[in-house]
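Undergrad: Before I ask anything, let me first share the structure, which is written out below as structure tokens.
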Amino acid sequence: MELQEFVASLESLALQAEKAFDNANSAEEFEAARVQFVGARSGQMKAIQKELGSVQAESRPEAGKKLNEAKNRIQAALDAAQVRVDSSGASTKVTGPLLDPTLPGTRRHLGRVHPITQTIEHLKEIMGRLGFAVVEGPEVEDTWHNFIALNIPEDHPARDPLDNFYLSVAGKTAVDVNADEARLLRSQTSTVQIRVMEANPPPVRIISLGRVYRPDPADATHFPMFHQMEGLWIERGVNMAQLKSVLRMFATSYLGGDVTIRFRPSFFPFTEPSVEADFLWNDQWIEFGGAGMVDPNVLKAVGYDPEQVTGFAFGLGVERLCMRRHGVLDIRDLYRNDLRFLHQF
Ligand code: DAH
């Protein structure tokens, strides 16, 4: 196609379009003109644009320029018509909205607190109301705090290297390290009882929440790292009835309703007598941890006088409490980092 011919048809199209837009007095007329001239599928502007390819190569830059000029003229006519039609209130029909306020917004994904951390905060809050102060202890421990002061003798199976994460110390593997130097990832939070009593004279009334480590293969109810809540109350005249009341109030508060508690005789080296504490939940007895009256040997180990003070201690599994309350059936779900699971809390 000749350049002149192309330019002529552009001119005629632009004139027609300007006329049509100038004469459009309703949204319908405006829309009809829009489709006819600049419609994306069969608009005349589209058609003429296709002919650009048939203009001789040397004239094509000039033809392209003219095409743009015509486009701009038509766009200007369209814009003017749109403003006129919109403001005349002839129709409320929106033709090409830039923003649709009825669409949902783009959601920003905020992180949230892990269910175990949420549980820990909740437990602290409940025990705080019962007068227990929160303390923390180290996760890497020596054998004095993890075993010896807790009345766990050298030959006790709980000290077996196969049941603990011993660390290599000063370049020596765990087996070659003597008992004084040995370090391990604490296997229980009872270590904190010792640290608190060593640092404070009685009375003490504390809880400690944190991680403990045992080389158990992971399954639905075991994980090599989990959390415990340790409790300790030492004061003149503290007795087992108070232990039961505290645990009952705790369970009632955490699980809701009036929770029934029972004690079953048990054994722990650091308590005498020792019990397993169970609570009744949905007509089932659920074990929630160990407890007992602190053994006089433990009190002596930290320099307390067992003739002057007594007390109780307990140790509960945090995961187990969290799982009961939320109906989680597999402890591994808590540590898979699967957002589909975590988002539910
Ligand atoms: N430390 C025990 C364990 O990990 C739990 C425990 C039992 C803690 C009795 C206590 C207690 O304070 O009195 O299995």
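Undergrad: Among the residues of region 322-337, count how many are open to solvent by 50 Å² or more (accessible area, probe 1.4 Å) and not aromatic (Phe, Trp, Tyr).
TA: 8
Okay, residues lined up against (1) in contact (Cβ under 8 Å) with a residue 40 or more places away in the chain; (2) not in a strand (DSSP E or B):
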| site | (1), (2) |
| --- | --- |
| Leu299 | yes, yes |
| Gly303 | yes, yes |
| Phe312 | yes, no |
| Cys322 | yes, yes |
| Arg325 | yes, yes |
| Arg332 | yes, yes |
| Asn337 | no, yes |
| Arg340 | no, yes |
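Undergrad: Using the structure shown, decide if Gln16 is assigned to a helix (DSSP H, G or I), polar (S, T, N, Q) and surrounded by 13 or more Cβ atoms within 10 Å (Cβ to Cβ).
TA: For Gln16, the condition - assigned to a helix (DSSP H, G or I), polar (S, T, N, Q) and surrounded by 13 or more Cβ atoms within 10 Å (Cβ to Cβ) - is met.
Undergrad: Check every one of the strands (runs of 3 or more DSSP E) wholly within region 135-191 and list those with 1 or more residues that are of a type in the set (Asp, Glu), within 19 Å of Pro269 (Cβ to Cβ) and open to solvent by less than 80 Å² (accessible area, probe 1.4 Å).
TA: 140-142
Undergrad: Continuing with the same structure: Any idea how many residues of region 276-307 are within 16 Å of the ligand (Cβ to nearest atom) and within 11 Å of Ala149 (Cβ to Cβ)?
TA: Counting residues in region 276-307 that are within 16 Å of the ligand (Cβ to nearest atom) and within 11 Å of Ala149 (Cβ to Cβ) gives 6.
Undergrad: Restricted to region 242-275, and to residues that are more than 16 Å from the ligand (Cβ to nearest atom) and open to solvent by 60 Å² or more (accessible area, probe 1.4 Å), which residue is farthest from the chain's Cα centre (by Cα)?
TA: Looking at the filtered set, the residue picked out is Thr260.
Undergrad: Could you please find all residues in region 175-186 being closer than 13 Å to Val140 by Cβ and among the hydrophobic types (A, V, I, L, M, F, W, C)?
TA: Ala182, Leu184, Leu185
Undergrad: Here's a follow-up. Can you pull out every residue in region 197-243 that is small (Gly, Ala, Ser) and under 21 Å from Pro138 (Cβ atoms)?
TA: Ala199, Ser208, Gly210, Gly231
Undergrad: For region 52-72, does any single residue satisfy the condition of being open to solvent by less than 90 Å² (accessible area, probe 1.4 Å), within 30 Å of Gly210 (Cβ to Cβ) and assigned to a loop (DSSP other than H, G, I, E, B)?
TA: No, region 52-72 has no match at all.
The values are calculated or read from the model by the stated rules, or taken from the named source; none is laboratory data. This one's a predicted model, so the numbers in the text were calculated from it and none came from an experiment. Cβ atoms come from the backbone with ideal geometry, glycine included; neighbour counts cover every protein chain shown. Heads up: the accessible areas ignore ligands, DNA and RNA and are worked out on the full protein's heavy atoms, side chains in. Shrake-Rupley method; radii C 1.70, N 1.55, O 1.52, S 1.80 Å.
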